[in-house]
Structure formats: structure tokens, C-alpha cells
1. Could you list, in sequence order, all residues of region 160-214 that are outside any loop (DSSP other than H, G, I, E, B), out of contact with any helix residue (DSSP H, G or I) (no Cβ under 9 Å at 6 or more places or on another chain) and under 30 Å from HIS383 (Cβ atoms)?
2. Suppose we filter region 49-79 for residues that are within 11 Å of the ligand (Cβ to nearest atom), aliphatic (A, V, I, L, M) and closer than 16 Å to SER24 by Cβ; how many remain?
3. Hey, could you check region 122-157 for residues that are assigned to a loop (DSSP other than H, G, I, E, B) and within 14 Å of the ligand (Cβ to nearest atom) and say which is surrounded by the fewest Cβ atoms within 10 Å (Cβ to Cβ)?
4. Among LEU86, LEU28, which is under 30 Å from PRO356 (Cα atoms), among the hydrophobic types (A, V, I, L, M, F, W, C) and assigned to a loop (DSSP other than H, G, I, E, B)?
5. Taking ASN355 as meeting all but one of (1) within 16 Å of the ligand (Cβ to nearest atom); (2) crowded, with 22+ Cβ neighbours inside 10 Å; (3) over 17 Å from HIS163 (Cα atoms), write down the number of the exception.
6. Give the residue, chosen from MET45, MET98, that is within 16 Å of the ligand (Cβ to nearest atom), in a loop (DSSP other than H, G, I, E, B) and over 16 Å from ALA141 (Cα atoms).
7. What tally of residues in region 15-29 results from selecting those that are within 6 Å of the ligand (Cβ to nearest atom) and either surrounded by fewer than 24 Cβ atoms within 10 Å (Cβ to Cβ) or more than 13 Å from the chain's Cα centre (by Cα) (or both)?
8. How many residues are over 15 Å from PHE437 (Cβ atoms) and surrounded by 19 or more Cβ atoms within 10 Å (Cβ to Cβ) when one looks only at region 310-320?
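Just so you know, all these numbers are worked out from the coordinates, no wet-lab data involved. These numbers were taken from a predicted model, which means no experiment stands behind them. Note that we place each Cβ from the backbone using ideal geometry, even for glycine, and neighbour counts take in every protein chain shown.
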Amino acid sequence: MNRHLKHEVLKCDFCVVGGGLSGSFAALAAARRGAKVILMQDRPMLGGNASSEIRMWVRGAKGKFERESGLISELEERNIRRNPTLVPSLFDATLYSMLRENENIRLLLNCSCADAVAEKGHIVSVTGWQTTTYTWYTVEADYFADCSGDSILAPLIGAKYRHGREAKAEYGETLTPDVADSYTMGMSILLAARETDHPVPFTPPTFANVYPTDDSFANGKCDNKYALSRDHKIGTSGCNLWWVELGGDMDSIHDADRLRDELLAAIYGVWDHIKNRGDHGFENWDLEFVGFLPGKRESRRYIGDHILTEGEILEGGHFDDVVAFGGWPLDDHNPHGMRQLGEDTSPSVCIPTPNPYGIPYRVLYAPDFDNFFFAGRNISATHAALSSTRVMATCSLLGQAMGTAAALAVQHKTTPRGVYEDHLAALQRALQEDDMFLPGKPVSYHKALTDAQTNLTDAQKGALFNGIERPRIEGDENGIWQNVGEALTFTFPAPTALGTLRLRFDPDYTRESISINKKMKVFTQKLHTGKDFQPVKVAATLVKGFTVLVDGKAVFTTNDNHRSAVKIPLNVTGRELSIRWESTNGAKKVHLFAVDLI
Ligand SMILES: Cc1cc2nc3c(=O)[nH]c(=O)nc-3n(C[C@H](O)[C@H](O)[C@H](O)COP(=O)(O)OP(=O)(O)OC[C@H]3O[C@@H](n4cnc5c(N)ncnc54)[C@H](O)[C@@H]3O)c2cc1C
């Protein structure tokens, strides 16, 4: 660190390095539970691969009722409400506002962590260089988390990590080679295009590759002919060209700059091919965006108290310390990417996984440090297991779980492993209060509510308090339905302290699209914009207007709800609690999955 440049020292409870979705939600979860947090992120905006700089769309579990809840659904529901045309910069702004709204968070953007001090299994500080202010920032904290994807802290503090593919004999995985190697999944640069109503010419930059025919995509330089007809039919709901991928057979960290150049040549070459070489039907399409920052799929993975394996995922991930879930297939990309030679030309091998499978807390901290967590694509998992857990909705759950654990560690002055040993039930309860679904762990509800007299039938009451706040099977009658104008009423035998009211509405688990003409799937980002794109809309099932009454007096009312998980601080005492439904976002009836007091 050069002493002539400005240097500031900051202190906090919890410092997170890396502001992708996992780091952003780790920071936010901890801050919402009272920890003072600093988030150090080396890019100008949050979101990592989901940000407008890279534009990878957020995916998660594949099951019909397994859409992720918690902070990722808050981001998506806020994005649908404020950004119905799905402008990528507004997605950045939506995520940024979620963190900006919390006074416990200090953001250090454009600040790259480049140093750290650790002594005897304890991290003392991390230091980053902020390019916009020419300032070194040293952050001293009680707890640290690495959500940088690349595990930047591993070499800085000497934490144990793994890189590349395990040997088959190690865990008996199907997706691994006989002999361990350093191969990973590769990197990609994405492009976005827009359909116009007139022909738009395209002249490629001088560095672009030339792909004369569909068979050319096997080799980045096009001097070999390996028949790979990779899908390049883009469109509002079309391919995002994820297979423009390179570098899994190189060093995903130290070769990244060189790979950027190769990927830029490849992606511009693919667009030139679509526009100018053969009849692809995209004459009227204009190029809107090409990333300059390669999106990374895999680099260093930490070794935690447990290593999640392919076998555990395929068995359903039944862990007592479940804190998150996955459900994306095992989706192992060919390390040679576009350069794949020989017989096997498939860019990825996909094996379906149980939906959902559980992920344990013990993959989120380092056992040989007393204050060190991680989350995201660098968790303690084998290469094969990571091929499923790496998708961003799953990473978001992992970040939220880890940030909540960090807040508990701050509160109880304990280690990450101490949270596992002494506060696991509290962690799982906190996650459920914060709208996380933990497979195999039903939610329990405040006794005042379950014991109260209500205006529900026994069957309705049973469905409301069965601990599962989403449908589990087709036609499942979970939760209760009421009419607009009706109220749900609880009458207590004596005046009762009412803290915070938690409600869970139906985000329409069964809907297959968020846009009016069904062109968009349920996730809230788009890459290409065809003329068939129509703005997305808030789920009809979400309750829009409702009033909370205590002893007949309105204590809260809204006419603009667009969230499935709602918390309302009441902090009053009363003998009767009522929630009156005023309107929905289009559905005929109100569908309520849960009501609780916390
Ligand atoms: C092309 C591509 C296609 C993919 N397809 C999908 C898909 O369809 N759906 C899906 O959900 N997932 C997909 N993935 C996987 C997914 O994007 C990643 O696994 C995910 O982004 C990991 O989240 P993360 O928060 O751990 O890391 P990242 O999103 O990589 O975020 C880490 C952040 O840390 C920052 N950082 C790194 N080093 C430092 C440092 N030294 N100091 C400070 N900050 C630092 C980085 O700039 C970055 O912003 C894809 C990935 C790629 C590359």
C-alpha cells in the first residue's frame, strides 16, 4: 500500500467482500437483523453476473412450486412493480435501493479487496483500493464474508480451497473425471439485441472472429470444422447465447483478461454471423449491448465444515442444518466451451435434480477460522455439486442464510461453527420469519394466534397453520381463500401483546409467465427485446389493498401492496386482531398462505 495515497480505516460488525446477489443479500440480511455492515464491491454497481454489466438472468429451482422466496423474491417483486419493461439499469437501481434503504449498510463500490490481515485463524481486517477516490480502505470487523465468487480472501488469509474437478474415486460422482484436474466451467460475454421495424446493417469490429457457417462455432478461430450447431435463435424468449463460452481449460482467474479478448472476438463474430452470414431472419434487429466484462461461472471453492456432493443433491439433500435449497439440474459445462474438439461436442451435460433439495449451513463457513463465512459460487461443494448450486436464485438464498447467521454470530459473540452448534434452531426460525422456505422444516406459529378463536372453519385453520407456506402438489389447497371485503379475525381470551404481523400472500406459484402475452418466463430480466415484448405485470393473486384492525381500530392500511411477504410492526396490545381484504391485483379471491406474529 503506497503511503502517499489517502488511507481510511473503517470499523463494523460484519464486512462482506463481493456484491453479487449472494454478497448483496448476505449484507442486507445481516443489516436487517441489526449488524453494522460494510460491503466492498469492486464494480460500479451491485448484482455481479445479474447486473447490467453482464446481464445473466437469474434462475433457480426448476420445480413448479419451488420458486425461491426471501430477498430474491423481494428483488423480483419490486423489479416487476417499478421496472415493468425490464430495463437492465433499473434492475441495478432496484437492487441498489434495497441496500441503500438500510442505514446499517455502508457500500464501498469500485473498491477491490487486495489485502487482508489474519492471525491464528482470525481475520483482523481487509483492505481494498477504491478507484473513484484513489483511496485505500481498510475495514476492521468482527466477522468477514467472501462473496467475491473468485474467493479473493483464500490466497490473502491462507484459507483452504479447491479448484477444478475432483477425481471420481473421491466422492463417486458421475460428472467427474477419473483423475482430478484443474478444469472449471468457462466464462461468457453476452449480447443484447432489439427488434426494429426496418433493416439495420451491421459491420463487425476488426477484431471479431469470422463464422461463415453454423458449423463454424466449434472453434473460436474458425480454422477447424467441428460440427456444432449451437442455437442462435435469439428473441424475447429465445437463446441468450450462453454457449459463447471459453476458458474452463485455462486459469479462470489469472487468464481472465486474455479471455475477455477472445470472448469479445467470439461474441461479435456470432452477431456478425447472425446478421450477415446466412438467412437467420434478423435483418431488422439492432445490437443494443455487448458486455465488456466476462461473466464467470466457476473458480476457487472454499472447503467448509461440510462439502456438498452430487450424491447428496441427488438424494434430496436431507440435512438437519438445512438453510437453503436448490433445484437447478446438475449442469456441467464442457471446460473447452466453444473450442470443444472430437466426438463429444455437447456444451453441457444436464442431470435433473430433486426439486427441491436441501443445502446445509455447514457449507457456508471455514472451520479453521473463527470469524469467516462465504456464500455464492464459492461455497464448500464439489465441482459437480456446484454445477447445480451456482445459479443465482440459489446463491441468493445462500447469501441470505449466511448473512442471517452472521447477525446471530454478532449477537451472541460466537463463531460461525458456534452458530451451528448452539443457535441452529434460532437461525432456521429467523430464516423462516424472513420468508425463506426450508424443505423438511415446517414453520411454527405464535401460540396466541393458533389458540385464538377465529372466523375460520377447523379445516381452514388447519390449512393456514400447517407450516407449509406454498403449494406442494398440483391442486393443493394450502392456505385459505377469502373474498375481497371479508376479514380474517382472531379473538384472544385476554389483552395480548401484538408485535410484528407477518403475512404471506400467494405470488402465483403456478403462473408460467410474467408478461401479458406469456413471452417472458417468471424471472424478471430480459436480454433481447422482440416486437412481441410486452411489459410484465404484478401477479394477480397478490393482495393489493388490506387494512389491519386491532379492537376495531385501523392501525395499518395500504392500497399498493405488490409483495408476497409482508411484515407490519404493530406493537400494540389488543383483544381482537382483524385483517380486512380491500383488493387484489386482479384475482377474484384473496389467497393467504400464512399469518404469524413475531
Ligand atoms: C454466462 C453465464 C451464464 C450463466 N447462466 C446462469 C443462468 O442462466 N442463471 C443463473 O442464475 N446463473 C447463471 N450463471 C451462474 C451465475 O451467474 C453465478 O454462479 C453467480 O453469479 C454466482 O453469484 P455470486 O454472487 O457468487 O458471484 P458473482 O455474481 O460473480 O458476484 C461476485 C461479485 O464480487 C465482485 N468481486 C470479485 N472480486 C472482488 C474483490 N477482490 N473485491 C471486491 N469485489 C470483488 C465481482 O465483481 C462480482 O460483482 C451463469 C454464469 C455465467 C457466467
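1. Taking region 160-214 and keeping what is outside any loop (DSSP other than H, G, I, E, B), we get 161-162, 165, 168-171, 181, 187-188, 191-195, 214.
This time we only want the ones that are out of contact with any helix residue (DSSP H, G or I) (no Cβ under 9 Å at 6 or more places or on another chain), so: 168-170, 181, 194-195.
Once the filter is applied, which keeps residues that are outside any loop (DSSP other than H, G, I, E, B), out of contact with any helix residue (DSSP H, G or I) (no Cβ under 9 Å at 6 or more places or on another chain) and under 30 Å from HIS383 (Cβ atoms), region 160-214 yields LYS168, ALA169, GLU170, ASP181.
2. If we filter region 49-79 for residues that are within 11 Å of the ligand (Cβ to nearest atom), which is where we start, we get 49-51, 53-61, 68, 72.
Keeping just the survivors that are aliphatic (A, V, I, L, M) gives 50, 54, 56, 58, 61, 72.
Restricting the remaining residues to those that are closer than 16 Å to SER24 by Cβ gives 50, 54, 56, 58, 72.
The qualifying residues number 5.
3. Going residue by residue through region 122-157, those that are assigned to a loop (DSSP other than H, G, I, E, B) are 131-134, 147-152.
When the remaining residues are screened for being within 14 Å of the ligand (Cβ to nearest atom), the result is 131-132, 147-152.
Values: THR131: 13, THR132: 9, CYS147: 34, SER148: 28, GLY149: 25, ASP150: 19, SER151: 26, ILE152: 26.
Step by step, filter region 122-157, then rank; the result is THR132.
4. LEU86
5. Against the list (1) within 16 Å of the ligand (Cβ to nearest atom); (2) crowded, with 22+ Cβ neighbours inside 10 Å; (3) over 17 Å from HIS163 (Cα atoms), ASN355 comes up short only on (2).
6. Values: MET98 fails: in a loop (DSSP other than H, G, I, E, B).
Of MET45, MET98, the one residue that is within 16 Å of the ligand (Cβ to nearest atom), in a loop (DSSP other than H, G, I, E, B) and over 16 Å from ALA141 (Cα atoms) is MET45.
7. Residues of region 15-29 within 6 Å of the ligand (Cβ to nearest atom): 17-23.
In the following step, the residues that additionally are either surrounded by fewer than 24 Cβ atoms within 10 Å (Cβ to Cβ) or more than 13 Å from the chain's Cα centre (by Cα) (or both) were identified as 17-18.
Qualifying residue count, region 15-29: 2.
8. The total comes to 4.
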